[in-house]
Amino acid sequence: MANTFFKIPGYNSDQKKVLSLLAQSKKKNGAKICLMTAPSFVVDFDYFSFVPLMKSLGFDKVTELTFGAKVVNMHYHKYIKEHFTDYVKNGKKKDKNFQEKFIASVCPSSIELIKNRFPELKKYLMPFDSPMGAMAKIVKKSFPKHKIVFLSPCAAKKLEAEKLVNKKGKKLIEGVITFYELKKILSKEKTVPKKVSHKFDSFYNDYTKIYPLSGGLSATLHSKSILKKEQMVSCDNCKDLLDLFSKHSGKVFYDILFCSGGCIGGPGVKSNMPVFLKKLSMKGYINIAKKESMDGKQGVEKYIKGIDFSKEF
């Protein structure tokens, strides 16, 4: 990687920040960097060359958000059961803890829209981290000396990352770049893939890889024991949430993503492929991943023990 990237025109502040972190990591006693990526990376990058490319760029570890998504689902499932299902299905007397609606809080753009334009709906937001926030906490627990960079299909994740801090008020994520911004870096730095395994480092899990697609959260929530199918609604391109709630006023769980098609349609995605082709890319990746063995750390309890995934809005 070139050492003169600050002098090369075309890099924005986020790209410079990430490259600076990578340059510092190569120095003696420099902190190593872990790249976390959204699973929608396959709409812009080849799965088999992605990890080798990232390690050639200087990342020490490369992992995905699927484990964080699984943890978020676990908390959603438990919360809905305790605040709705136990009352409705088990005949528990309704009290102050009963809640009639729940809105997924994994999409920062949707959250900001609710807070700014529909504040009356804010009380329904699920009070937990997004998969990015959850995964950052998991990575920090397992690799406390590593700094974290997040690769995102959405620039809104940059704002979310700014607010994500540990108990001491220190940032959990040092830098965020979009797919588009990373592709520019790879092009300018003329990066050649390392001859290393294409598999991610640790926390590998396949079934939550569909999270970036509209309805992906609902499909992986294991909702049969807590909600009826007709009590749930999934919606992408949710720019008019008021319209959504008026048309589906009787629903209990709202699985919403701001962009068309879900995260695969994020503004940080470089690909101009139609949504249906992006979905095919995701599904192809999922099918390949299912056939691969899991390397590195896996499981749940051991790696999340003692972590607080709650969040206030």
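The values are calculated or read from the model by the stated rules, or taken from the named source; none is laboratory data. Predicted, not measured: the structure shown is a model, and the values here were computed from it. All Cβ positions, even for glycine, are placed from backbone atoms using ideal geometry, and neighbour counts span all protein chains on display.
Can you find, within the range 232-254, the residue that is modelled with the highest pLDDT among those that are part of a loop (DSSP other than H, G, I, E, B) and either within 24 Å of Thr220 (Cβ to Cβ) or of a type in the set (S, T, N, Q) (or both)?
Val252
Got a sec? Which of Gly266, Gly215 is within 20 Å of the chain's Cα centre (by Cα), at positive phi and modelled with pLDDT of 90 or more?
Checking each option against the conditions leaves just Gly215.
Name the one entry in Lys228, Lys224, Lys190, Lys171 that is free of Cβ contacts under 8 Å to residues at least 12 places away in the same chain and in contact with an Asp or Glu (Cβ under 8 Å, 6 or more places away or on another chain).
Answer to the check: Lys171.
Of everything in the range 269-304 that's part of a loop (DSSP other than H, G, I, E, B) and at pLDDT 90 or above, which residue is farthest from Asp14 (Cα to Cα)?
Out of the qualifying residues, it is Pro274.
Kindly indicate whether Leu121 is at pLDDT below 95, surrounded by 14 or more Cβ atoms within 10 Å (Cβ to Cβ), out of contact with any Ser or Thr (no Cβ under 7 Å at 6 or more places or on another chain) and under 30 Å from Glu82 (Cα atoms).
It is true that Leu121 is at pLDDT below 95, surrounded by 14 or more Cβ atoms within 10 Å (Cβ to Cβ), out of contact with any Ser or Thr (no Cβ under 7 Å at 6 or more places or on another chain) and under 30 Å from Glu82 (Cα atoms).
With Ala155, Ala134 as the choices, which residue is at pLDDT 95 or above and hydrophobic (A, V, I, L, M, F, W, C)?
Of the residues listed, the single one that is at pLDDT 95 or above and hydrophobic (A, V, I, L, M, F, W, C) is Ala134.
Do we find a residue being crowded, with 19+ Cβ neighbours inside 10 Å, of a type in the set (Ser, Thr, Tyr) and either farther than 29 Å from Ser260 by Cα or in contact with a strand residue (DSSP E or B) (Cβ under 7 Å, 6 or more places away or on another chain) (or both) anywhere in the range 177-188?
Yes: one or more hits.
For the range 128-154, enumerate the residues that are closer than 20 Å to Lys209 by Cα and not in a helix (DSSP H, G or I).
Within the range 128-154, Phe128, Asp129, Ser130, Val149, Phe150, Leu151, Ser152, Pro153, Cys154 qualify.
Run down Thr220, Thr191, Thr178 and say which single residue is under 30 Å from Phe84 (Cβ atoms) and of a type in the set (Val, Ile, Thr).
Thr220
I need the full set of residues from the range 274-295 which are surrounded by 15 or more Cβ atoms within 10 Å (Cβ to Cβ) and either farther than 22 Å from Thr178 by Cβ or not aromatic (Phe, Trp, Tyr) (or both), in order please.
Val275, Lys278, Lys279, Ser281, Met282, Ile286, Ala289, Met294 - these are the residues of the range 274-295 that are surrounded by 15 or more Cβ atoms within 10 Å (Cβ to Cβ) and either farther than 22 Å from Thr178 by Cβ or not aromatic (Phe, Trp, Tyr) (or both).
Would you please list the contacts, defined by Cβ atoms under 8 Å and residues six or more apart or on different chains, that run from a residue in the range 72-90 that is farther than 23 Å from Glu301 by Cβ to a residue that is part of a helix (DSSP H, G or I) and among the charged types (D, E, K, R)?
Cβ pairs passing all conditions: none.
Would you check if Leu186 is farther than 30 Å from Lys228 by Cα, part of a helix (DSSP H, G or I), at pLDDT below 95 and more than 14 Å from the chain's Cα centre (by Cα)?
yes
Suppose we keep only residues that are in contact with a strand residue (DSSP E or B) (Cβ under 7 Å, 6 or more places away or on another chain) and surrounded by fewer than 24 Cβ atoms within 10 Å (Cβ to Cβ) within the range 150-159. Which one would you say is nearest to Ala23 (Cα to Cα)?
For the range 150-159, the residue satisfying everything is Lys158.
Of the residues that make up the range 242-255, is at least one within 16 Å of Cys154 (Cα to Cα), of a type in the set (A, V, I, L, M, F, W, C) and surrounded by 22 or more Cβ atoms within 10 Å (Cβ to Cβ)?
no
Considering the range 220-252 alone, what residues qualify as being among the hydrophobic types (A, V, I, L, M, F, W, C) and within 21 Å of Arg117 (Cβ to Cβ)?
Hits for the range 220-252 are Val233, Cys235, Cys238, Leu241, Leu242, Leu244, Phe245.
Going by the structure shown, is Ser234 in contact (Cβ under 8 Å) with a residue 12 or more places away in the chain and surrounded by 16 or more Cβ atoms within 10 Å (Cβ to Cβ)?
It is true that Ser234 is in contact (Cβ under 8 Å) with a residue 12 or more places away in the chain and surrounded by 16 or more Cβ atoms within 10 Å (Cβ to Cβ).
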